[in-house]
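Working notes, structure below.
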Amino acid sequence: MFYLVITVVAVHSTLLVTGLSGNIFILIVHFLGWLNTHEHNPCDIIINSIGTSNIFLQGAVAFQEITFFMFPCLFSQAWVSNLLIGIMTSLVLSSLWCATCLCFYYSIKIITINRPLFYMLKANLPKVVPWLIVFSIILSWSSGMPAYWDLYHDISFFPVNITGNVTILMFHHYRDKCNCFFQMSMFLASVAFSIIILTGGGLVISLCRHMSRMRQNNEGSGRSRIQTHLSATKTVTSLLLLYLIFYITFAVLSNPTTMKDSTTITVGFIVVACFPTVNSIILIVGNRKLLNILKKIWGMNSSLSNIEVSVTTHD
């Protein structure tokens, strides 16, 4: 049991340090770039919003793990657990909806639709993106923080006789007063996932059309655009899979209708702790500027010929 605890602590510590390093790296690079140019790249703003949400989420997850394992009396208090659920749900939804904004940005920048409204939206994208971020954050916190008042914590203890030894199992059960918090969170997540799927599908269709057009016209100069399509499509797909896995786990942990023992919560915490780390890796790999700087830090060649073209162009 002692070695298991040490292993869990080591895994969580590694994920915490790696995730914080990745997300802080994103913020520092974009801040230094802004100091040099004083230009606000819409894509950088969205990525910074995701990174900031991930940093605070990691802090909330670390605090929850510490209180759960080391201070169970504090964790069992209703105001502590409800506050943590409200904050974590708000941060999760903020990260998800900011990622949705990033997928939307990619689709608008890359996909071409011969409609005046579409061209007007593309031209005003730098002005639209900050408002989308503000709307996403307000929407997320407005639906997440009601958990503090709506949920109440029910902890049950069951004695189990195992080979003559009596073991006490602890189950956590969150009950919903108005039966709306969990449903609202799932609804907002479903809407975000639908948007990500639609934008990803649009990128795939646009990529297929562009490749077909190149084959018909024997074009050789469109390889850069294909690489841009591939980079954006991979980023959107990776984010979708990551958020699906994470949100299913988070839904199991926060669902007020399910009973959760210590093992389920421990495994769930590990999956949740992996999320900010993997998220930062996806954002860095999908961004040419971030990836080049990281390669320079590691002493690797940052040749543009073997790096997928990013869509983070300056407007």
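The values are calculated or read from the model by the stated rules, or taken from the named source; none is laboratory data. Everything numeric in this text was worked out from a predicted model, so none of it was measured. Note that each Cβ is placed from the backbone with ideal geometry, even for glycine, and that neighbours are counted across all protein chains shown. Ligands, DNA and RNA are stripped out before the accessible areas are found, and what is left, the full protein with its side chains, is counted by its heavy atoms. Shrake-Rupley method; radii C 1.70, N 1.55, O 1.52, S 1.80 Å.
How many of the residues in segment 74-99 are touching a residue at least 60 places away in the same chain (Cβ under 8 Å) and among the hydroxyl-bearing types (Ser, Thr, Tyr)?
Total satisfying the criteria: 4.
One line per residue, one yes/no per condition, for (1) touching a Gly at 6+ places or on another chain (Cβ under 8 Å); (2) polar (S, T, N, Q); (3) surrounded by 14 or more Cβ atoms within 10 Å (Cβ to Cβ):
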{"residue": "Val9", "(1), (2), (3)": "no, no, no"}
{"residue": "Leu20", "(1), (2), (3)": "no, no, yes"}
{"residue": "Phe25", "(1), (2), (3)": "no, no, yes"}
{"residue": "Ile47", "(1), (2), (3)": "no, no, yes"}
{"residue": "Leu91", "(1), (2), (3)": "yes, no, yes"}
{"residue": "Leu102", "(1), (2), (3)": "no, no, yes"}
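Every residue in segment 76-103 that is in a helix (DSSP H, G or I) and farther than 21 Å from Phe275 by Cβ, please. Break it down into steps so the answer makes sense when it comes.
Residues of segment 76-103 in a helix (DSSP H, G or I): 78-103.
If the condition is that a residue be in a helix (DSSP H, G or I) and farther than 21 Å from Phe275 by Cβ, then Ala78, Trp79, Val80, Asn82 are the ones that fit.
When you scan segment 111-125, how many residues do you find that are farther than 12 Å from Cys101 by Cα and either outside any helix (DSSP H, G or I) or open to solvent by less than 80 Å² (accessible area, probe 1.4 Å) (or both)? Don't jump to the end; show me each part of the working.
If we filter segment 111-125 for residues that are farther than 12 Å from Cys101 by Cα, which is where we start, we get 111-124.
Among the residues that remain, those that are also either outside any helix (DSSP H, G or I) or open to solvent by less than 80 Å² (accessible area, probe 1.4 Å) (or both) are: 111-115, 118, 121-124.
Total satisfying the criteria: 10.
Go through (1) touching a strand residue (DSSP E or B) at 6+ places or on another chain (Cβ under 7 Å); (2) open to solvent by less than 20 Å² (accessible area, probe 1.4 Å) and name the single condition Ala78 misses.
Failed condition: (2).
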